[in-house]
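Peer 1: One structure, pasted below without further comment.
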Amino acid sequence: MSLECALNSAAAHGVIAEQIPTGSKGLAAAKLLGVSEMRITFLSPPFNLSGGIKVILLHAGELARLGHSVTIISHGQQSRSLTERLRSIKNGRGLIFRPKIRAPSGVAHIEIEPARSITCRDVPDSDAVVATWWETADWVTALSPSKGRKFYFVQGHETYPPIPSRSRDTYKLPLKKIVVSKWLKNIMEEEYGDKDVAVVPNTVDRMTFYSDQREKQDRPTIGLLYSTAFPKGLHTSLRAIELAMQKIKNIKVISFGNERKSRRFPLPRDSAFERSPSSDQIRELYSQCDVWLTSSISDGFNLTALEAMACGTPVIATRVGWPAEGIIDNVNGILRDVDDAPGLADAVVRILTLPDKEWQVMSECAHRTTTTSSWQESTKLMEAVLAA
């Protein structure tokens, strides 16, 4: 496929920036509303290095920059028990380390003691109050009207272990939902009967994640996120790599993550692993890969997939989250079913064995894939929903 044909195919599916209608419509709506200053409160889980917290902080910081009064209320980090710390060492992860994460400039952050509900006495009077996690959805529902119009920012379908089964009930609460992907919007409609759901997609900072014209690596290279969290499906990725290595003997694996490697999920021999790398280091890691592999079982968005694409790396992913709508087979990557390790392995082999020119076409299509043009535009969509 020529680059022109590939780009036309991608544009027809709405994954090239100029073809995305959601952003322009949302921005137009914001302008028509003439959005004035709002008092906005987010109820958040304890701050950590997860992608979900990163997205909350990005939106909060940008809303503050737009002139709104923004507060985040979260629990403080709960101390780990001696048993948990010993188990971490036994599993090969070492001592548990929690870096201090701060709210963005201009955003007030209120930490309350762990293990108690957030109630009206904790929440300032606001124009909008936003739940950001299944547990906070119950708390927002119970707040008085003075705390603001009630929203539920849904970044995943959190119905998997070890999350309690009651989390599913929160998607039936009378809260206006804001989701990060069409995949989640479809779930909210099909499983919970909610047709009034706004999509505010995550995006990628093109000043941080970018690519010059790429070439294939001298040694076929696969990249993946190292996360042992159940929904990330790491076991499937590792099995797929094992199968791919039976056909391509000299595959190199590059990985990064915020946790130490676990003996339960060993990487292949000679793999490169970076723990908690900086954004610049992550960009370099993406740029050293011929393909990025993600095998999520459930993933509301999958930000690393979009970041890898911004760095010119084609992505192989399961049909969950944003990749289900953003990846076009054999154009900017390949989609496979959940738990399909053999199918993922075949996709890895296909991309790694592409002739150089064909791989470069796929790399360029991956590079041009986007949702909105910037985090500023995504937050404008959020602003329009909160103000409506």
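Peer 1: Looking at this structure, is Leu224 aliphatic (A, V, I, L, M) and either within 17 Å of the chain's Cα centre (by Cα) or surrounded by fewer than 18 Cβ atoms within 10 Å (Cβ to Cβ) (or both)? Full working, then the answer.
Peer 2: Values: aliphatic (A, V, I, L, M): yes; either within 17 Å of the chain's Cα centre (by Cα) or surrounded by fewer than 18 Cβ atoms within 10 Å (Cβ to Cβ) (or both): yes.
It is true that Leu224 is aliphatic (A, V, I, L, M) and either within 17 Å of the chain's Cα centre (by Cα) or surrounded by fewer than 18 Cβ atoms within 10 Å (Cβ to Cβ) (or both).
Peer 1: Of all residues in the stretch 136-169 being part of a strand (DSSP E or B) and open to solvent by 30 Å² or more (accessible area, probe 1.4 Å), which is farthest from Arg39 (Cα to Cα)?
Peer 2: If we filter the stretch 136-169 for residues that are part of a strand (DSSP E or B), which is where we start, we get 149-154.
Checking the rest, the ones that are also open to solvent by 30 Å² or more (accessible area, probe 1.4 Å) come to 149-150.
Details: Arg149: 11, Lys150: 13 Å.
Once the filter is applied, the top-ranked residue is Lys150.
Peer 1: Filter the stretch 279-307 down to the residues that are more than 27 Å from Thr159 (Cα to Cα), under 17 Å from the mean Cα position of the chain (by Cα) and either of a type in the set (A, V, I, L, M) or open to solvent by 10 Å² or more (accessible area, probe 1.4 Å) (or both) and list them by number.
Peer 2: Step one: list which residues in the stretch 279-307 are more than 27 Å from Thr159 (Cα to Cα), which gives 279-291.
Narrowing the set further to residues that are under 17 Å from the mean Cα position of the chain (by Cα) leaves 279, 282-283, 286.
Ser279, Ile282, Arg283, listed by residue number.
Peer 1: Quick check: is even one residue across the stretch 228-243 surrounded by fewer than 18 Cβ atoms within 10 Å (Cβ to Cβ) and among the polar types (S, T, N, Q)?
Peer 2: There is at least one residue in the stretch 228-243 that is surrounded by fewer than 18 Cβ atoms within 10 Å (Cβ to Cβ) and among the polar types (S, T, N, Q).
Peer 1: Find the residue count for the stretch 208-264, including only residues that are more than 26 Å from Cys365 (Cα to Cα), in a loop (DSSP other than H, G, I, E, B) and touching a Gly at 6+ places or on another chain (Cβ under 9 Å).
Peer 2: Qualifying residue count for the region: 7.
Peer 1: Which of the residues belonging to the stretch 188-208 are among the β-branched types (Val, Ile, Thr), in contact (Cβ under 8 Å) with a residue 24 or more places away in the chain and crowded, with 16+ Cβ neighbours inside 10 Å?
Peer 2: Residues of the stretch 188-208 that are among the β-branched types (Val, Ile, Thr), as a first pass: 197, 199-200, 203-204, 208.
This time we only want the ones that are in contact (Cβ under 8 Å) with a residue 24 or more places away in the chain, so: 199-200, 203-204, 208.
Residues satisfying the conditions are Val199, Val200, Thr203, Val204.
Peer 1: Considering only the stretch 32-135, give the strands (runs of 3 or more DSSP E) lying wholly within it that have at least 2 residues that are modelled with pLDDT of 75 or more and open to solvent by 30 Å² or more (accessible area, probe 1.4 Å).
Peer 2: Values: elements: 39-44, 69-75, 107-112, 128-131.
Per the criteria, 107-112.
Peer 1: For the stretch 252-278, name all the residues that are open to solvent by less than 30 Å² (accessible area, probe 1.4 Å), within 11 Å of Gly223 (Cα to Cα) and of a type outside the set (Val, Ile, Thr).
Peer 2: Answer for the stretch 252-278, where residues must be open to solvent by less than 30 Å² (accessible area, probe 1.4 Å), within 11 Å of Gly223 (Cα to Cα) and of a type outside the set (Val, Ile, Thr): Ser255, Phe256.
Peer 1: Considering only residues that are in a helix (DSSP H, G or I) and open to solvent by less than 50 Å² (accessible area, probe 1.4 Å), which ones fall in the stretch 170-182? So that I can check it myself, show each step before the final result.
Peer 2: Taking the stretch 170-182 and keeping what is in a helix (DSSP H, G or I), we get 170-172, 182.
Answer for the stretch 170-182, where residues must be in a helix (DSSP H, G or I) and open to solvent by less than 50 Å² (accessible area, probe 1.4 Å): Thr170, Tyr171.
Peer 1: Looking at the stretch 360-378 only, could you name the residues that are under 18 Å from Pro323 (Cα atoms) and in a helix (DSSP H, G or I)?
Peer 2: Met362, Ser363, Glu364, Cys365, Ala366, His367, Arg368, Ser378
Peer 1: Follow-up question, since we're still on this one. Checking Pro355 against (1) surrounded by 22 or more Cβ atoms within 10 Å (Cβ to Cβ); (2) modelled with pLDDT of 95 or more, which single condition isn't satisfied?
Peer 2: All conditions are met except number (1).
The values are calculated or read from the model by the stated rules, or taken from the named source; none is laboratory data. From a predicted model like this one, the values you see are computed outputs, not experimental measurements. Every residue, glycine among them, receives a Cβ derived from its backbone with ideal geometry; neighbour counts consider all protein chains shown. Note: accessible area is taken over every heavy atom of the protein model, side chains too, but ligands, DNA and RNA are not part of it. Shrake-Rupley method; radii C 1.70, N 1.55, O 1.52, S 1.80 Å.
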